[in-house]
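Notes follow the structure.
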Amino acid sequence: MTSQETWQSPIAPGISWYQATAGERPVYPALDGSRTCDVAIIGGGYTGLQAAYNLAKAGVSVVLIEACRFGDGASGRNGGQLGTGQRSWPEELEEQIGYERSKALFDLAEGAKRHLLDFATEHQIDIDFMPGQMNVAHKASYERAYRDNAEIAATRYDYPHAQFMDKAETQERLGSRRYFCGVRDTGTGHIHPLKLLIGLARVASNAGAEVYEMTKATSIRQGGGKVTIDTPRGQIVADKALIACNGYIENLEPVTASHVMPIRSFIGATAPLSDHPGVISGGEAVADSRFVVRYFRKSKDGRLLFGGREAYTSDNPRDISQHIRRQIAEIYPELDNVEITHAWGGSVGITMPRQPFVREVMPGVTSIGGYSGHGVMLSNYCGRLYAETVIGRSGDLDLFKSLKVPPFPGGSAARAPLLFLALSWFALRDKF
Ligand SMILES: Cc1cc2nc3c(=O)[nH]c(=O)nc-3n(C[C@H](O)[C@H](O)[C@H](O)COP(=O)(O)OP(=O)(O)OC[C@H]3O[C@@H](n4cnc5c(N)ncnc54)[C@H](O)[C@@H]3O)c2cc1C
């Protein structure tokens, strides 16, 4: 067993507060030798492990490989906010794809929310659920849009849990004068993401899925009606495969790599804020209106978990804590010297339209990822929907498949620098 406090993920910087508080984190073996199975899965985040669990439960033979340890990807290191609906607001989606499909996607996300919470309850995984989320505007001119958002949710999307907050209420609930209005959503909440991931790996393994850590897929190819996946010390031959590598795909498979790009996002955990009871006194999670979203929340033990700074290159900022503390102080000036006890980062897989990427990338091989910062509930559900598609029980994954997700411009050589320029421009716009 590796001590969870000292395990440093090879693919992401920092040891997270989640690692320090998740409890026992079992080690799974690496794959050594060859396997044949019905379905092979590459990537052991929520998407891959949910698919593995649901397939194994249905009697399908499944082998899953994870390049690092379960939880080293985004699923074990994220902001923990469940949110509601899709990444884009429903009224924005309506403009692109019409009311009916937008409503179907909203309802699907509500199903994803219920699925996650029911899954944790059924398998007795304590995910530290805390209710409530607030979306807040960093510009006064956004008030009309936020008012409309709450009203549209109630009247057109049958969602009565989102209430508009004026400036006074927003500032009171946040304990900050930095925001101008917001929407408070009592129908969602936030969780401890690594506890969920560790529990999910256990449940998948107990259901009969063969799951391996520290086993990187080095190639995937199709031939003779079979999919073959090579690993450093073995090979898997399967009828079907799921690529669930999200923002860590690198060069494994070119179609996914050209549609899902990694953005690095960083989080800091403060020491418990017992002297500052006014900071998010209701315990909700918060996400703001910046393009480079600042997302923060209180933990069960009263810390502020604050995420925001992003990087578009593979470099890590030299001192994550310092950057995060500076961003915290912009919202809470009284915390300008707050102690940051843990600081870490991870790769968010994003797509051009900020909608999930779900596609058959070669015969029998489906790739799913790119939830664009909104994947905690959606990835868990997409993993299950993939399994249901394989078993022939549901076609709901087709809703995502039908979304138009174009590749990033620039080809493999230029797309990272182009993205860097585009995102830096939007980040700059946030400031003015
Ligand atoms: C800092 C941060 C904050 C976030 N905050 C939120 C939030 O508050 N709310 C929200 O909804 N979403 C949030 N997200 C996004 C969310 O975490 C993801 O959408 C979700 O976890 C995706 O799950 P996944 O299983 O698809 O991918 P991941 O969890 O990223 O898993 C992919 C896995 O594939 C593995 N892999 C890659 N290549 C290979 C290979 N060749 N062989 C074997 N394995 C491989 C990786 O090691 C990785 O473990 C955040 C993400 C980050 C990084």
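Just so it is clear, none of the values below were taken in a lab; they were calculated from the coordinates. Here the structure is a predicted model, which means the values were calculated and not measured. In this analysis, Cβ positions are derived from the backbone assuming ideal geometry, glycine residues included, and neighbour counts consider all displayed protein chains.
Could you rank the peptides 266-273, 84-91, 50-57 by their average count of other C-beta atoms within 10 Å per residue, with the highest value first?
Details: 266-273: 22.9, 84-91: 21.1, 50-57: 27.1.
Highest to lowest by the protection proxy: 50-57, 266-273, 84-91.
Here's the list of aspartates and glutamates a cross-link from K103 could span, going by alpha-carbon distance under 17 Å and ignoring same-chain residues fewer than 8 apart: E91, E92, E94, E95, D148, E151, D158, D396, D398. A straight Cα-to-Cα reach below 20 Å connects K226 with the lysines K216, K240, residues fewer than 8 places away in its own chain not being considered.
For K298, the lysines whose Cα comes closer than 19 Å to its Cα, not counting residues fewer than 8 places off in the same chain, are K195.
Evaluating 6.51 cos²θ - 1.76 cosθ + 1.60 at θ = phi - 60° for every residue in the range 46-56, the Karplus couplings come out as 4, 4, x, 6, 5, 4, 4, 4, 5, 5, 4 Hz, glycine and proline recorded as x. Amide H to amide H, with H built 1.01 Å from N, S394 comes under 5 Å of T389, counting only residues 5 or more places away or on other chains.
Taking amide H as placed 1.01 Å from N in the peptide plane, the amide H of M165 sits under 5 Å from that of G182, V183, R184, each at least 5 places away or on another chain. Under 19 Å from a label point set 7 Å out along the Cα-to-Cβ vector of D38, the amide N atoms of the range 368-399 belong to 382-397. To the nearest ten degrees, helix 99-122 and the longest principal axis of the Cα atoms of the chain are 80 degrees apart.
With the dipole of the range 265-367 worked out from charges on the C-beta (+1 for Lys and Arg, -1 for Asp and Glu) around the Cα centre, which of M362, S281, G307 lies farthest toward the positive end? With unit charges placed on the Cβ atoms, the residue in question is M362. With each label modelled as a point 7 angstrom along the Cα→C-beta vector, the K139-E92 pair spans 1.3 nm. The string of couplings for the range 218-226 from the Karplus curve (6.51, -1.76, 1.60, θ = phi - 60°) is 9, 7, 9, 8, 10, x, x, x, 10 Hz, one whole number per residue in order, with x for Gly and Pro.
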